[in-house]
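Here is the structure we will look at.
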Amino acid sequence: MAASDEVASVQFDKVLAHWDREGYGYHLVEEQGQVVGCGGLKRNDDPAELNLYYRLVFGAAGQGLAREAARAWVAWGLEWLPTLPIVAAAAEHNAASVATARTCGLAPTSRRLLPGDPPEFGAAVILTAPRVDVVRTEGFDPVTLAQVLDLWVATTAAGGAVGFLPGDSRERHAEALAHHEADMVAGDVTAVLLRAPDTDRVVAIGFWQRPSNPLLHHRRRRAGLGRVRAAGRRHPGGAGG
């Protein structure tokens, strides 16, 4: 909360300047036509990162609105600015703010005193989103291949893998994955991974398939999302199919 109207005005001018400079920034959050909060992504340069911010008026808390908005902002940042880490800062005692970041897939990675905070505030918890890793014709390295296979088997065990049933063998999964990797090497499939910020382990994967009709190869937006798999521990809804 700004200390005065004058301080708020300066901060608002900075928000507008960020939009002019970067083309994205903070948004208003509305519910049934009423403004109930604000938030979004702001670029920080030292270190280079995207700061995820969300704040609602008191009466709008506890309805899942911050979670819904924050997930949309994180998804946008991962898609359009994948080289910049997405981070959120929260006071350790602010359990609601930490929980909101966690439901967006962010995990605690460090602590630091935020700019402008007095020392008595203590270091804030820094939570970081998974990073995007795109794998094309080079195929998977051995460690990544094993992690992708582990994720696929776990997804099946959770009942979420299309074409497999819980209890199907690891060997059958490995055979299917080998076909995907062969298509990757041939340039027909691209794998998009999400890696955990704290361990760098693969926690989600999707495969993009080129259209079979060569006349459509130039239309990249027509690539099909073949499969998405996600680690259930980071996505409360469970594994994906």
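Rundown of residues vs (1) in a loop (DSSP other than H, G, I, E, B); (2) modelled with pLDDT under 90, yes/no style:
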{"site": "GLY187", "(1), (2)": "yes, no"}
{"site": "ASP200", "(1), (2)": "yes, no"}
{"site": "ILE205", "(1), (2)": "no, no"}
{"site": "PRO211", "(1), (2)": "yes, yes"}
{"site": "GLY226", "(1), (2)": "no, yes"}
{"site": "GLY232", "(1), (2)": "yes, yes"}
Determine, yes or no, whether PHE140 is outside the structural domain of TRP73 (by TED's automatic domain parsing), of a type in the set (A, V, I, L, M, F, W, C) and over 22 Å from LEU65 (Cβ atoms).
-> yes
Part of a helix (DSSP H, G or I) and within 11 Å of THR137 (Cα to Cα), is that true of GLU181?
-> yes
Return the total of residues in the stretch 73-104 being touching a helix residue (DSSP H, G or I) at 6+ places or on another chain (Cβ under 7 Å) and farther than 23 Å from ASP46 by Cα.
-> 3
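Every residue, every condition in (1) more than 27 Å from ALA101 (Cβ to Cβ); (2) touching a residue at least 40 places away in the same chain (Cβ under 8 Å), yes or no:
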site: ALA174; (1), (2): yes, no
site: VAL185; (1), (2): yes, yes
site: ASP188; (1), (2): yes, no
site: ARG195; (1), (2): no, yes
site: PRO211; (1), (2): yes, no
Are any of the residues in the stretch 147-165 out of contact with any strand residue (DSSP E or B) (no Cβ under 9 Å at 6 or more places or on another chain), surrounded by fewer than 17 Cβ atoms within 10 Å (Cβ to Cβ), without any contact (Cβ under 8 Å) to a residue 12 or more places away in the chain and more than 22 Å from ARG201 (Cβ to Cβ)?
-> yes
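The values are calculated or read from the model by the stated rules, or taken from the named source; none is laboratory data. Nothing here was measured: the structure is a model prediction, and the numbers come from that model. We place every Cβ from the backbone using ideal geometry, glycine too, and count neighbours over all the protein chains shown.
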